[in-house]
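The values are calculated or read from the model by the stated rules, or taken from the named source; none is laboratory data. Predicted model only: the values in this text are computed from it and were never measured. Neighbour counts are summed over all protein chains in view; Cβ atoms, including those assigned to glycine, are modelled from backbone coordinates with ideal geometry. The area values use the complete protein model at the heavy-atom level, side chains included, leaving out ligands, DNA and RNA. Shrake-Rupley method; radii C 1.70, N 1.55, O 1.52, S 1.80 Å.
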Amino acid sequence: MSQISYKDAGVDIDAGNSFVENIKPLVKSTKIPGVLGGIGSFAGAFELPKGFKEPVMLAATDGVGTKLKLAIDSGIYNTVGIDLVAMCVNDLLCNFGTPSFFLDYYATGKLDINIATAVVAGIAEGCIRSECALIGGETAEMPGMYSEDDFDLAGFAVGVAEKSEMDRVSMVRAGHKLIALPSSGLHSNGFSLARKVLFEKMKLNFSDDFNGKPLIQALLEPTNIYVKTFKELKNEIVALAHITGGGIVENLPRVLPENLRAEIKKDSIKVLPIFELISQHVDSDEMYRAFNMGVGMILVVEDKNVDIVLSKTDGYLIGEVKDGKREAIMI
């Protein structure tokens, strides 16, 4: 009677081992003080940073949504890893957490070493931009769960904050100004709607020209990472809101007390061309709920610190905090 191997069932252990060898230099490139050991153990290790009076560990997890589908269909794999890191570390910042390390989960129907390596190269690049370390991850080959060409990603970021600095909501006051930090594009939200509009409704192609470059390149532009900006301006920022799914109207209220509202001057928002294209077939209110509209992060800043924040970023004023029920309104 013939015997069946794990490889016959669709799982190639040797390919997995080869992949680990491929990514060791990528992981090493992200090493920062605090990393203990390397990959290959059962868990990654990171020493708790010194200098905190009451250190609190923060954790965030996310994926890249159906942006991943565009990466798979276009065969462009080296940017979604940056998105994966960005979506996690940008969230940590909103609780005044400094990212320390990152882990990833890569699941696929059949492991393609070249594709997986390209994805992890993007993750490593995202970690370098975030000044945090990639200390581990998991690769799962699951035939029958995914088709051979499909894969999925999840990311996990851990950082540290000073306990006394975490409650930003209580520090927000009427009169504080709102500064927008630009996004690079869609970031990693709203792609199900974008794909439906651009490719089903408008019948566009990946290679179609958009502002002098292929449309797919504009869509896969990686998410901005705001870690370095946060570190430089931490003492001048009252609070931060990461503008992801739900847009400004749903994310900005998360940093407001019950008795304050954010008034956004809609005409001041520097809407990116990709959103203007999509908006040809989507209602304006729906656009502002599904997309960031060109705003990746909003900083709440005291009036006295506005000039220094503007001078050290590419940000711009979009509104103010005022008395009222907790909400973000466009005026």
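Some notes on this structure:
- Between the C-alpha center of the stretch 87-143 and that of the stretch 31-70 there is a gap of 9 Å.
- Stokes-Einstein translational diffusion, the stretch 168-227 - Kirkwood Rh over all Cα pairs, 0.692 mPa s, 37 °C, in µm²/s: 231
- Computed over the alpha-carbon atoms, the stretch 70-138 gives an Rg to Rh ratio of 1.00, Rh here being the Kirkwood radius from the mean inverse distance.
- Zone of residue 171's modelled label, taken as backbone nitrogen in the stretch 42-63 under 14 Å from a point 7 Å along Cα→Cβ: none
- With at most 13 other Cβ atoms within 10 Å, longest stretch of the chain clear of loop chymotrypsin sites (Phe, Trp or Tyr not before Pro) (DSSP): 43-331
- The Cα atoms of the stretch 105-183 cover 55, 24, 22 Å along the three principal axes, with the biggest extent listed first.
- Probe 1.4 Å, protein heavy atoms only - accessible area per residue of the chain in square angstrom: 47
- Longest site-free stretch - the chain; sites: GluC sites (Glu not before Pro), DSSP loop, at most 16 other Cβ within 10 Å: 149-257
- Longest exposed-site-free window of the chain, the sites being trypsin sites (Lys or Arg not before Pro) in a DSSP loop that have at most 14 other C-beta atoms within 10 Å: 54-172
- Bins of 10 Å from zero: percent of alpha-carbon pairs in the stretch 65-211: 10, 32, 31, 19, 7, 1
- Helix-only [θ]222 nm of the chain, DSSP H runs n ≥ 4, -39500 (n - 2.57) each, per residue, nearest 500: -8000 deg cm²/dmol
- Fraction of beta bridges assigned by DSSP in the chain that are antiparallel (%, nearest 5): 75
- For the stretch 245-331, the equivalent ellipsoid built from the Cα gyration tensor has semi-axes of 23, 17, 10 Å, listed from largest to smallest.
- With every protein chain in place, the stretch 55-163: carbon and sulfur % of accessible area (1.4 Å): 52
- A straight chain from residue 114 to residue 147 at 0.36 nm per residue would run longer than the Cα-Cα distance by 10.2 nm.
- Electrostatic tally near residue 128: other residues with Cβ closer than 12 Å to its Cβ, Lys and Arg +1, Asp and Glu -1, net +2.
- Our compactness index for the chain, the C-alpha radius of gyration over the empirical 2.2 N^0.38 Å, is 1.06.
- Partner aspartates and glutamates whose Cα lies under 19 Å from the Cα of residue 163, excluding those fewer than 8 positions away in the same chain, are identified as 47, 54, 91, 236.
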